[in-house]
Amino acid sequence: LRLANENSLIDGVALEPRELNTYIKTASKSNRRPLLDRTTVAPPGSDEEDNSWSQMLALVKVLEAYGCLIAASENSAKSEHNAYTVTEGGQHVGFITSDNSLWQLSALGGSYDVACASSELDNLKDALVDFQQDDSVDSMELEESSSTIPKPQQEAETLLGHLCDMTHAELAGYVSALCIDSPRRADSALESFQRLTKTQQRVVQGALLSLERLVEVQRLLGVDDSFCKCQLELSSCEVVTAWANDCSW
């Protein structure tokens, strides 16, 4: 078998499916390593390798912004030369182990933009509110509505409060919306939303605010959308809620 000999591996040689299948079945895992290194590892200094590393550094910055990592030294010019301490929130992100664990933790009220990296988003929203504000509103009412608590923290606390109001069945349905992939055929998001309970609707509205903020932070810090996808699929939420509430098929 020509693939069994490491010295016979030549860059660019086309492999027939039959040959590759035979090699995988006959070669031990330790002997497969040379072939895997030649076929899956990007050449040093390639654009693919540089892009992957830059995305890794961008993800570290996002985790810092959300309080999951704390840099050992704030004076380091580059994050790749820094050491980090993993916070309790960072440990929770590691425990979830999904495609975007930070999004799921944020959607459960467990983390938020502690660094206020998304402040421009708040400035835009404030400007829109000021533009739409009725002139008849008393200035005292505006002062009472203001708060020293950062908006990301306010949103996370509000979301957490709504989550605590959920029943076990409602929570199961909501968690399913964070975990499942989008089906090929599903009702519109609006129709799925309207079939939720009032408590679930309030939670979803709060989660959408968290999603908007996280997407903005990821964009600002250079994270590619394909690396960290944020999704909230509501199509099965109603069914899972009914199932968790002891309803049969």
Discussion item. For a quick check: with amide H placed at 1.01 Å from N, whose amide H comes under 5 Å from Leu69's, ignoring anything fewer than 5 positions away on the same chain?
Written reply: Glu64, Thr87
Worksheet entry | Ala242 paired with Ala115, simple spin-label distance in nm, labels 7 Å along Cα-to-beta-carbon | 4.5 nm
Item to complete: Work out from phi, with θ = phi - 60° and the Karplus expression 6.51 cos²θ - 1.76 cosθ + 1.60, the ³J(HN,Hα) of each residue of the stretch 56-63, listed in order in whole Hz, and give x for Gly and Pro.
Response: 5, 5, 5, 5, 4, 5, 5, 5
Response to the item:
By the C-alpha gyration tensor axes a ≥ b ≥ c (rounded if a/c is under 1.5, else prolate when a/b exceeds b/c, else oblate), the shape of the stretch 81-125 is oblate
Practice prompt. Would you kindly derive the ³J(HN,Hα) couplings of the stretch 100-113 from the backbone phi angles with the Karplus curve 6.51 cos²θ - 1.76 cosθ + 1.60 (θ = phi - 60°), listing them in order in whole Hz, with x for Gly and Pro?
Written response: 9, 5, 5, 5, 5, 5, 5, 5, 9, x, x, 7, 7, 6
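Could you tell me which of rounded, prolate or oblate describes the stretch 202-249, using a ≥ b ≥ c as the square roots of the eigenvalues of the alpha-carbon gyration tensor, with rounded for a/c under 1.5 and, failing that, prolate when a/b is larger than b/c and oblate otherwise? Don't skip to the end; give the middle numbers.
Numbers: a/c = 5.54, a/b = 2.54, b/c = 2.18.
In terms of gyration-tensor shape, prolate.
The numbers here are math on the coordinates, done by the rules we state, and not lab data. If you're wondering where the values come from, they're calculated on a predicted model, not measured in any experiment. Using ideal geometry, Cβ is built from the backbone for each residue, glycine included, and neighbour counts are taken over all protein chains shown.
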